[in-house]
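Peer 1: Structure incoming, see below.
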Amino acid sequence: MDKKELLGAVNKKTGKHISENQVKKIASGVNPGTLQSEAQIRQLVKQVSAMAKVPVSEETLKEIVAAVKKSGMNMNNLESLIKMMVKK
């Protein structure tokens, strides 16, 4: 799945229009340590939620944090995280 397909899937799933520039702005603040810290994962999910104007419940937020920490995701497979969130 290339970037445009992934962004299209996110837009379709949320019913919102999210631009590539909006995603780049958030992504620019992500570093390798981001996906290792629960507080930073939570902050990242909240930023994406606000950008997409899609509320995320505390329960869903906990599930996302747990999935990220359990999987040991890193910056090299961030796309996997996005795919997981799109399926949610």
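Peer 1: Test of understanding: among K16, K4, K12, K62, which residue is part of a loop (DSSP other than H, G, I, E, B) and more than 13 Å from the chain's Cα centre (by Cα)?
Peer 2: On the way: K4 fails: part of a loop (DSSP other than H, G, I, E, B); K12 fails: part of a loop (DSSP other than H, G, I, E, B); K62 fails: part of a loop (DSSP other than H, G, I, E, B).
From the options K16, K4, K12, K62, the qualifying one is K16.
Peer 1: Residue check, E63 against (1) surrounded by 12 or more Cβ atoms within 10 Å (Cβ to Cβ); (2) at pLDDT below 85; (3) out of contact with any Ser or Thr (no Cβ under 7 Å at 6 or more places or on another chain), all met but one. Which one?
Peer 2: It fails just one condition, (2).
Peer 1: Looking at A50, is it assigned to a helix (DSSP H, G or I), of a type in the set (A, V, I, L, M) and loosely packed, with under 13 Cβ neighbours inside 10 Å? Before you say what the answer is, go through the steps one by one.
Peer 2: On the way: assigned to a helix (DSSP H, G or I): yes; of a type in the set (A, V, I, L, M): yes; loosely packed, with under 13 Cβ neighbours inside 10 Å: yes.
It is true that A50 is assigned to a helix (DSSP H, G or I), of a type in the set (A, V, I, L, M) and loosely packed, with under 13 Cβ neighbours inside 10 Å.
Peer 1: For the stretch 9-26, enumerate the residues that are surrounded by fewer than 13 Cβ atoms within 10 Å (Cβ to Cβ) and either more than 10 Å from A52 (Cα to Cα) or not basic (K, R) (or both). Write out each step before concluding.
Peer 2: First, pick out the residues of the stretch 9-26 that are surrounded by fewer than 13 Cβ atoms within 10 Å (Cβ to Cβ): 12, 15-17, 19-21, 24-25.
Within the stretch 9-26, K12, G15, H17, S19, E20, N21, K24, K25 meet the criteria.
Peer 1: So if I check each of S19, S37, S57, S80, which one is modelled with pLDDT under 80 and out of contact with any Leu (no Cβ under 7 Å at 6 or more places or on another chain)? Quick ask: steps written out before the conclusion?
Peer 2: Working: S19 fails: modelled with pLDDT under 80; S37 fails: modelled with pLDDT under 80; S57 fails: modelled with pLDDT under 80.
After applying the criteria, what remains is S80.
The values are calculated or read from the model by the stated rules, or taken from the named source; none is laboratory data. Everything numeric here is computed off the predicted structure, so don't read it as measured data. Using ideal geometry, Cβ is built from the backbone for each residue, glycine included, and neighbour counts are taken over all protein chains shown.
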